[in-house]
Amino acid sequence: MSYPVPIPGIDAELYSKLNATETFTVYPPVSQFIFWLSVTLSPTSVYGSTVVMKVIIFSFELATLRILTKILRQFNQPENRVLFYALNPLVILEFTGNLHFEGVMIFFLLLGISLLSERGAFLSPVAYALSICTKLIPLLFLPLLVRYLGWRGSLRYWMLTAVFTIVFSLPLLSWEMIDGFSTSLGYYFQRFEFNASIYYLIREAGYHLAGFNIIQYAGPFLGVVAAVLILSISFRNLPVKIAGTADNKLFIQMLWGLFIYFLSATILHPWYIITLFAISLLTPYRFPVIWTGLIFLTYAGYTETAFKENLPLVTLEYAILFAYLLYETLWKKRNPS
């Protein structure tokens, strides 16, 4: 795609550095607001606007450490687990280093969940809507709330979250934005490939059986399968209240729901799994911690001139991950120390 109509602050040279000039942005309004704020405060310097974004994300990271500590205390878990997050190299590199906005989204997500009580019944949907308006991943967890709020409470929560999400999106809402956003999301499921697990196995089968890459069929199919599995997790053993209890089953369900989604994805960048890692600190499971180390194997595909994915390293990544997962979920449960 050639350089479009001139936009203040963006010239052809800067535009050419985008890694996906042919697609519309999929960044929701909170992320867009931070972009706007950074260039408003530093309109003539890319370096200056980058520093502004780093300061904002770092501030949210400090807030995340605080809210993680609060939730760990709320559920009678060791508060020193917060150090796993604070000192994790992947978190440091991908958030404050590479400016991925999951760092902002995780704070609002945890804040929304921590406010799931009568005292924070109104504020929780506000925080949750802000998390959705930063990255879309929290949409996956909304069905899980049925177990804790019941159908009536969940419908009220969903409606409030939807209203606040729309309100926060109003400055950007237009038919052109909606069309471009939905088109790019379609590409996410039907064009992009990176560090996948189940999809890569299906892709290989497709090459042998159909003779071509079947991502346009496999991507949406796996998305539907993941949605069905997440919904099946959501509606089991209803209902159990979270308010005023030490029940961390919501976080366990969030963990498995997100893990199912990642296994079905056609593209899984390293920074995506940090959300899974943060949630895991509120559960007994530690395989996401192992994954934050293994995911560095995917960096091997990047060179100064091009990118070529190293599939043997991807295979090694998932082989070790699933070996530890089996150890943690089967052997360790049967042989507690």
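Read-outs: derived from the displayed coordinates by stated rules, not from any lab. All figures in this text were calculated on a predicted structure; none of them were measured in a lab. In this analysis, Cβ positions are derived from the backbone assuming ideal geometry, glycine residues included, and neighbour counts consider all displayed protein chains.
Sorted ascending by nearby beta carbons within 10 Å, beginning with the fewest, HIS100, HIS208, HIS269 become HIS208, HIS269, HIS100.
By count of other Cβ within 10 Å, fewest leading, how are ILE260, ILE273 ordered? Working shown, then result.
Values: ILE260 19, ILE273 23.
Listing ILE260, ILE273 from fewest to most nearby Cβ atoms yields ILE260, ILE273.
With the simple model of a label 7 Å out from the Cα in the direction of the Cβ, LEU316 to TYR217 spans 3.4 nm. Around the amide H of ILE267, modelled in the peptide plane, lie the amide H atoms of PHE194, all under 5 Å away and 5 or more residues distant in sequence or on another chain. Fewest-first ordering of LEU185, LEU173 by other beta carbons within 10 Å of each residue's beta carbon gives LEU173, LEU185.
In the chain, which helices (entire DSSP H runs) extend 24 Å or more along their own long axis, judged by Cα positions, while averaging at least 1.6 on the Kyte-Doolittle scale? It would help to have the intermediate numbers written out before the result.
On the way: long enough: 46-74 (42 Å, 1.04); 146-169 (28 Å, 0.67); 215-234 (28 Å, 1.85).
Sorted by number, the helices that extend far enough and score high enough are 215-234.
When you count the other C-beta atoms within 10 angstrom of each residue and take the mean per peptide, 140-153, 315-328 line up highest first as 140-153, 315-328.
Quick one: grab the alpha carbon gyration tensor of the chain, order the square roots of its eigenvalues as a ≥ b ≥ c, and give me rounded if a/c is under 1.5, else prolate or oblate depending on whether a/b is larger than b/c. Verdict is rounded for the chain. Summing +1 for each Lys or Arg and -1 for each Asp or Glu among the other residues whose beta-carbon sits under 15 angstrom from that of ALA265 gives -1.
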